[in-house]
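**Q** Okay, here's the structure, questions in a sec.
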C-alpha cells in the first residue's frame, strides 16, 4: 500500500544565527521530508521561519519525535502544526501601501476595517523611521466587493490621519 503524503507546518523562532536554514533543511532531508513552501523574516536579531513540509505519516511522525533534540541543539523554539486545507477563495489579490507620520493606531484601524469588511489580511510588513512609518498589507478582496467601495472606506478612514496610501492589484 503506497504511503499517502500529507502536509505539516514547521515553525522555528529564536535568536538569529548563521546556519539555521542549513540545519533545519538538513534535518528534514535526513528524515525524508520535502519542503514545499517557506517564509522567513528577521526582526532585530530574532528570526521567524515557517515551512510547509510534505511527507508520509511515518516520516512526519519521526520528524516530530526527534524535534526536541534539534530544538535543544539549535536553541530555537520549534513546533509542528497540522496543515489545514484551505479552499481557494474567489477574489482579487491587492496590496495596500501606507506611509506617513508615526500615527498611533494606524495598523489597528486598518486591520479593524478589513475585519469588518470580511477581508482576510494575508501579509503584513511594517517599518518605522524618524520620518514616520511604512506599512504594507497584502490581502484578498472578495469578488462580490467592489474595489471602489474599499477605496472609499480607506479614504474616509485614512484622510483624517494624514496617511498617504495606495491600493493596487497584486
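Bear in mind that the values in this text are calculations on the coordinates, not laboratory data. Treat the numbers as computed from the prediction; the structure is a model and nothing was measured. Heads up, the Cβs are rebuilt from the backbone with ideal geometry, glycines too, and the neighbour counts pull from every protein chain shown.
**Q** Report, to the nearest 10°, how far helix 57-74 tilts away from the longest principal axis of the Cα atoms in the chain, using its own Cα long axis and a range of 0 to 90°.
**A** 80
**Q** Above 21 angstrom, tally the Cα pairs of the chain and express them as a % of all pairs, no decimals.
**A** Numbers: 8579 of 14365 pairs.
The answer is 60 percent, as a whole percent.
**Q** Using just the helices of the chain, give the 222 nm mean residue ellipticity in deg cm²/dmol: DSSP H runs with n ≥ 4 each add -39,500 (n - 2.57), and the total is spread over all residues, rounded to 500. Intermediate values should be presented prior to the final figure.
**A** Numbers: 4 runs with 53 residues, N = 170.
Value at 222 nm, helices only: -10000 deg cm²/dmol.
**Q** Same structure, new question: Could you give the angle, 0 to 90 degrees to the nearest 10, between helix 20-30's Cα long axis and the longest principal axis of the Cα atoms of the chain?
**A** 50
**Q** Across region 5-82, how large is the tail of the calculated P(r) beyond 18 Å, expressed as a percent of all Cα pairs? Intermediate results must be reported in sequence, preceding the final value.
**A** Values: 969 of 3003 pairs.
Of the Cα pairs, 32 percent sit more than 18 Å apart.
**Q** Give me 108, 57 ranked fewest to most by other Cβ atoms within 10 Å of their Cβ, as a rough exposure proxy. All intermediate terms of the calculation are to be shown ahead of the outcome.
**A** On the way: 108 9, 57 12.
Taking fewest neighbouring Cβ atoms as first place, the list is 108, 57.
**Q** While we're looking at this one, here's another question. How compact is region 113-170 by the rule of thumb for globular proteins, expressed as Cα Rg over 2.2 N^0.38 Å?
**A** Numbers: Rg = 12.3 Å, N = 58, 2.2 N^0.38 = 10.3 Å.
Normalised Cα radius of gyration, region 113-170: 1.19.
**Q** Okay, next question. Taking Cα atoms, how many degrees apart are the long axis of helix 106-117 and the longest axis of the chain, rounded to 10 and kept between 0 and 90?
**A** Its long axis makes an angle of about 90 degrees.
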